[in-house]
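Beneath this line is the structure, given in structure tokens, with notes to follow.
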Amino acid sequence: MNQVKLNKKDYDAIIVGAGFSGLYQLICLRDQLNLNCVVLETGDDVGGTWYWNRYPGARCDTESHAYSYYFSDDLLKEWTWSERYPGHAEIRRYMNFVANKFDLKKDILFQQKVTSACFNNDENNWNVITNSKIEFKAKFLISAVGCLSNTNIPNIKGLEDFEGKYYHTGNWPKNGVSFAGKNVGQIGTGSTGIQAVPVIAEEAKHLTVFQRTANYSIPARNKPLTSEFKKHVKENSDLYKNLVKRTPNAHPFEISKRNVADVDPDELNEIYEKAWEIGGLQFRAVFNDLVTNIKANKTASDFIKKKIRETVSNKKFASILSDIDHPYAGKRPPIDSNYFETFNRDNVNLVDLRSEPIELIDRTGIKTKKNHFDLDIIVFATGYDAMTGPLINMNITGKNGLKLNDVWKEGPKTFLGLQIPGFPNLFTITGPGSPSVLTNMPMAIEQHVEWIRDCINYMNKKDYSTIETDINSAEKWGDEVNSVANQTLLPTVKHSWYLGANIPGKPRVFMPYAGGLPRYTEVCDKIKNNKYKDFILN
Ligand code: NAP
């Protein structure tokens, strides 16, 4: 354990998590407001999501020149990314660079998993206990635990009997996994699975991919950055800063104003072909109405399905992979490096779980309705109990014994994704109801972290002890979250983790705010300029 000075009685703020959110929150509160803070982190280093996601092929799908903090011009000058999309190891190096530059590790306690957090009504502060049974107290509790940190291994009969090894991509061993000479089975073909398949197939003796729902993917066209581009990024950091703050998803490209109906079929095809060659999430931005109009969306969906069929030479595989049941980008759209091409390899097999569901896992592998697959390793790329899972997992108790797990039984209720009724002085960075997972995350994080900093600064200056929201504000905000989501195709996808539909028994509530980061920022700024009167201050 590192040597953080434990000052149990009077931390001003406890920050949980040392990823992008936690690091910047520490800088804002400790260095800008001069507060006494501690960061509690489960892992043994900084990185957050990227600390745990070391699976083969793990790479960010935001282009590196925008996957950065923008708060520090020095940092923008000093750090240089090497590839179009940063890989997991380079992102961890970046986060360590930030932690060292701002001398953050002296205030981070590693290997401290929060096991409970309880609001003390008499003292108006939070009591936080970790797995080491250390108790911390602070006026403010700030969750920086991320949206995708609660891994989901499906409850498949017999897993405990399996004599091989199994791993979840979101909790990957630090020293890696050797696939050489092994028969590997991978369950899951979301953004993660699509990245892992090509890399595992390169190394393993044999890979069987178990696909339940077929998925779209656009080539990432990842490549090393040229020195000209690196220079261009440094010289234009203000331009990119303005761009990411202006675009709804905080990506470094504009969304076209043109609709699909504005172009003729030849032009349409030319636009998609060009976007396919450029690669990446820009594909989604070539028309304005792809995520709002099902007819427009079908043109993109059909184009991608055709590309899949052209790429995959085994007709049966091509049909299974292109039999996609939802609109393009209705789920988080993956991007890949040689995903569909990998199914042309001799050592790769594809199993369609819709026609032969998994019945059980036994000592030697996976048994489906029709076959048995002998395996040495099973990789679960099966996603997360997203957004609410990491918060509920902390066993948070608010005012008068109110348990978060109980109040969110029918789905999360928050005001702006920042505060929960009944939980004073608890702030949730990128909480449910905020743009979070629908954006380039570091941008959404900077906006939240700075808003929280300004709010705490205001409270301290005015000598307020508590800030809280009420159920009316949370319900009104929930209506806004639903209303903007319903203007898109996103809530129409049945098996989406945005809706909690990937976790059995989880309430179906559309969780992220789909109105875009600029519109959301405007709402938050208005509240700040109005002296936080939309909250209850005491
Ligand atoms: P995911 O999108 O939830 O995908 C999970 C996959 O596992 C799906 O194919 C799902 O099938 C399958 N699955 C789950 N339970 C199953 C079961 N019982 N039997 C068979 N299949 C099952 O999770 P993810 O791929 O880890 O991605 C989560 C999010 O992480 C992404 O959407 C993205 O936001 C983020 N991410 C980002 C990057 C990046 O920046 N490049 C990379 C990876 C992940 P169904 O579709 O049928 O449920």
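The values are calculated or read from the model by the stated rules, or taken from the named source; none is laboratory data. Please read these numbers as outputs of a predicted model, since none were measured by experiment. We place every Cβ from the backbone using ideal geometry, glycine too, and count neighbours over all the protein chains shown. These area figures cover heavy atoms from the full protein model, side chains too; ligands, DNA and RNA do not enter into them. Shrake-Rupley method; radii C 1.70, N 1.55, O 1.52, S 1.80 Å.
Numbers for the structure displayed
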quantity	calculated
Percentage, to the nearest whole number, of Cα pairs in region 141-211 over 15 Å apart	63
Dipole-positive endmost among Ser178, Asn120, Ala144 within region 104-182 (Cβ charges, Cα centre)	Ser178
Length-normalised contact order of the chain in % [C-alpha pairs under 8 Å, at least 6 apart]	19
The chain: mean projected area of Cα convex hull, nm²	24.6
Cβ-defined net charge surrounding Trp50, 11 Å radius [Lys, Arg +1; Asp, Glu -1]	+2
Region 36-167 - convex hull of alpha carbons, volume per residue in Å³	167
Relative pair counts by distance (%), Cα atoms of region 402-525, 10 Å bins	13, 43, 34, 8, 1
Rounded to 5, the percent of DSSP beta bridges in the chain classed as antiparallel	40
Cα gyration tensor shape for region 26-113, rounded if a/c is under 1.5, else prolate or oblate	oblate
Accessible-area value, Val38, 1.4 Å probe, nucleic acids and ligands omitted, Å²	0
Cross-link pairs beyond the 32 Å C-alpha cut-off, checked among Lys133/Lys367; Lys157/Lys305; Lys205/Lys307	Lys133/Lys367; Lys157/Lys305
5 Å binning of all Cα-Cα separations within region 495-538, expressed as whole percents from 0 upward	5, 19, 15, 12, 14, 14, 13, 7, 1
Rounded Å value of the spacing that divides the Cα centres of region 484-504 and region 83-102	32
Spatial separation of Cα centroids for region 247-314 and region 140-178, in angstrom	34
